[in-house]
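The structure appears below as structure tokens.
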């Protein structure tokens with residue numbers, strides 16, 4: 001993923017300087033911090049100030065206690081994470097808030113070109129498996145264009161399912177990095193969490209337990225399944241040779257994702273077109 005910011009810790013405050021802001025990342029994050037401070041206090045850092053440093057947008061915020069979740073989540077950590085998600089999804093919507101960054105209408109159409117690019121599959125441990133998964137992912141993406149009415153249950157979105165954005169102090173989970181903040185659909189946000197490489201490849205989340213705790217309706221579960229397939233295809237693309245996730249993850253991760261994609265798509269009984 002693109003590196004968007006640099007962090008400097010100054011005592012009880014954190015200075016975040018943005019190195020790219022094509023998706024209005026500073027405005028999204030500042031809006032999120034201000035809104036959550038008022039309507040979901042202590043869920044996110046407290047906003048302190050905003051400005052520029054050498055022409056680059058800068059946000060200063062409070063430093064949260066604890067550190068990012070690492071390794072397999074304990075029952076207490078998972079429960080705390082669920083509480084944080086519930087608080088976020090229950091927060092009121094600000095007037096005029098736009099859609100989150102990387103919404104499916106813009107995000108999904110980018111996946112086919114990424115998968116079409118001829119990767120260096122010979123570098124993979126099992127090139128044939130990865131090739132089959134790529135073909136299946138492309139067929140599914142072609143047959144399942146994003147629905148323009150994708151927001152059914154509107155919620156506020158952190159917009160990033162990376163568990164490194166969950167800060168745990170031993171009793172409470174809080175959320176950081178609000179660069180993709182905006183309006184989203186509950187099922188889309190949950191799918192982004194359970195399919196994120198930060199948790200799925202390392203089996204860090206009890207996914208069944210998380211979904212049970214969130215008490216999703218039948219309709220939400222159906223939309224979740226569709227969004228999970230899309231995110232799984234995205235991570236397959238990111239884990240192909242030459243991409244950042246290929247370099248950051250251990251050998252065999254691409255094959256792990258390829259098997260996962262094939263398993264998810266096999267559950268979709270609708271014929272490919």
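Inspection of the range 72-82 finds a residue satisfying the criterion of being within 15 Å of residue 189 (Cα to Cα) and either within 21 Å of the chain's Cα centre (by Cα) or assigned to a helix (DSSP H, G or I) (or both).
Among residues that are surrounded by fewer than 15 Cβ atoms within 10 Å (Cβ to Cβ) and under 24 Å from residue 206 (Cβ atoms), residue 52 is not included. Is it the case that residue 187 is in the same structural domain as residue 83 (by TED's automatic domain parsing), within 19 Å of residue 74 (Cβ to Cβ) and not in a strand (DSSP E or B)? Answer is no for this residue. Would you mind stating whether residue 10 is outside the structural domain of residue 160 (by TED's automatic domain parsing) and surrounded by fewer than 16 Cβ atoms within 10 Å (Cβ to Cβ)? Yes, satisfied. The residue that is farthest from residue 211 (Cα to Cα), counting only those in the range 145-184 that are part of a helix (DSSP H, G or I) and in contact with a helix residue (DSSP H, G or I) (Cβ under 8 Å, 6 or more places away or on another chain), is 164.
Of the listed requirements (1) assigned to a helix (DSSP H, G or I); (2) at pLDDT below 95, residue 226 misses just one: (2).
Could you list all residues from the range 83-98 that are part of a loop (DSSP other than H, G, I, E, B) and touching a residue at least 60 places away in the same chain (Cβ under 8 Å)? Selection gives 91, 93, 94, 97, 98.
Mind checking whether some residue in the range 114-126 is crowded, with 21+ Cβ neighbours inside 10 Å and either out of contact with any strand residue (DSSP E or B) (no Cβ under 7 Å at 6 or more places or on another chain) or in a loop (DSSP other than H, G, I, E, B) (or both)? Quick ask: steps written out before the conclusion?
Just the residues of the range 114-126 that are crowded, with 21+ Cβ neighbours inside 10 Å, to begin with: 119, 124.
From what's left, either out of contact with any strand residue (DSSP E or B) (no Cβ under 7 Å at 6 or more places or on another chain) or in a loop (DSSP other than H, G, I, E, B) (or both): 119, 124.
Yes.
Here is the figure for the range 56-73: residues that are touching a strand residue (DSSP E or B) at 6+ places or on another chain (Cβ under 7 Å) and closer than 17 Å to residue 84 by Cα total 5. Residues that are without any contact (Cβ under 8 Å) to a residue 12 or more places away in the chain, more than 17 Å from the chain's Cα centre (by Cα) and not in a helix (DSSP H, G or I) are absent from the range 200-210. Taken over the range 248-269, the criterion of being in contact with a helix residue (DSSP H, G or I) (Cβ under 8 Å, 6 or more places away or on another chain) and without any contact (Cβ under 8 Å) to a residue 60 or more places away in the chain is satisfied by 249, 253, 264, 267.
The values are calculated or read from the model by the stated rules, or taken from the named source; none is laboratory data. Note that the structure is a prediction, hence the values are computed from the model and not measured. Glycine also receives a Cβ, built like all others from the backbone with ideal geometry; neighbour counts cover every protein chain displayed.
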